[in-house]
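Have a look at the structure below, then the notes.
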Amino acid sequence: MKNATLAVMTALVLAVSACSKTETPAPATSPSTSTAPATTAAPVANVGSRYDMVAADGKGFTVGALMSAQPVYVLFDPQCPHCGRLWQASLPLLDKVKFVWIPISFNPTKSVPQGAALLTAANPVETMTAHEQSLLAGTGGLAASADVPDDIKQAITTNTQLLTRLGVDSVPFLMGKHRKTGEIVTFNGAMETAALANLLGVE
């Protein structure tokens, strides 16, 4: 318990920020110039049932250590630069952690087509990496067809509703299990690789 609490505290100190529904996603600038709201740890009431809810109802793409029995779920908006920073921070951990990235949509015009493209990508790591590099470079992310199949569009709508059901109003939102203690940990915002590893107990 103590280690997981320390991990959360460390992640809080190192967090960058998050994107909320009520704001326009910040441009890819340095963290110090971001206009996003301050990041805080997500509410932890009924955290076990919330973890099960995400596992059951979230539709995402899986990357990393696919055989792991302890998936880490990340709800994200494809237009959120802070989500892009968390993606980049997660890449060095793909050999240790199974991540499920669940796209939501604060900006239906752009986020739904891009989320659909990511959900159906043949190589999600390559596609997501290219998308986030483009987004953080200020070029808008991957080009995606606006003609989204109804089932994929509904999945993204359900994912967005899931975020609200969790009592969370900004992304990225991460929920996983600490590798050493088994305790469920949650975090709302971006962080560096070392802080992410510490939060998940995979140093």
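The values are calculated or read from the model by the stated rules, or taken from the named source; none is laboratory data. Given the structure is predicted, the values throughout are model-derived calculations rather than measurements. Virtual Cβ from ideal backbone geometry, glycine too; neighbours counted across all protein chains shown.
Only one of (1) under 14 Å from PHE76 (Cβ atoms); (2) of a type outside the set (Asp, Glu); (3) out of contact with any helix residue (DSSP H, G or I) (no Cβ under 9 Å at 6 or more places or on another chain) fails for PRO124. Which number is that?
(3) is the only condition that PRO124 fails.
Which one of GLN133, GLN161 is under 26 Å from VAL47 (Cα atoms), among the polar types (S, T, N, Q) and more than 14 Å from the chain's Cα centre (by Cα)?
Details: GLN133 fails: under 26 Å from VAL47 (Cα atoms).
None of the other options fit; the residue is GLN161.
Working only within region 125-154, note down all residues that are closer than 25 Å to LEU94 by Cα and in a helix (DSSP H, G or I).
Those that are closer than 25 Å to LEU94 by Cα and in a helix (DSSP H, G or I): VAL125, GLU126, THR127, MET128, THR129, ALA130, HIS131, GLU132, GLN133, SER134, LEU135, LEU136.
With modelled with pLDDT of 95 or more and under 21 Å from THR120 (Cα atoms) as the only criterion, which of GLU132, GLU192 stands out? Give the derivation first.
On the way: GLU192 fails: under 21 Å from THR120 (Cα atoms).
The match here is GLU132.
Please identify the pairs in which a residue from region 64-79 that is farther than 22 Å from ILE104 by Cα has its Cβ atom under 9 Å from the Cβ atom of a residue that is buried (at least 20 other Cβ atoms within 10 Å of the Cβ) and aromatic (Phe, Trp, Tyr), counting only partners at least 6 apart or on another chain.
ALA65/PHE99
Looking at PRO113, PRO149, PRO103 in this structure, which one is buried (at least 19 other Cβ atoms within 10 Å of the Cβ), more than 17 Å from the chain's Cα centre (by Cα) and closer than 21 Å to GLY58 by Cα?
Numbers: PRO149 fails: buried (at least 19 other Cβ atoms within 10 Å of the Cβ); PRO103 fails: more than 17 Å from the chain's Cα centre (by Cα).
Sole residue among the options that is buried (at least 19 other Cβ atoms within 10 Å of the Cβ), more than 17 Å from the chain's Cα centre (by Cα) and closer than 21 Å to GLY58 by Cα: PRO113.
Go through (1) of a type outside the set (Lys, Arg); (2) at pLDDT below 95; (3) assigned to a loop (DSSP other than H, G, I, E, B) one by one and return the number of the condition THR164 breaks.
THR164 satisfies every listed condition except (3).
So which residues in region 171-203 are in contact with a Leu (Cβ under 9 Å, 6 or more places away or on another chain), in a strand (DSSP E or B) and either of a type in the set (Val, Ile, Thr) or buried (at least 22 other Cβ atoms within 10 Å of the Cβ) (or both), if there are any at all?
Result: VAL171, PHE173, LEU174, MET175, GLY176, VAL185, THR186, PHE187, ASN188.
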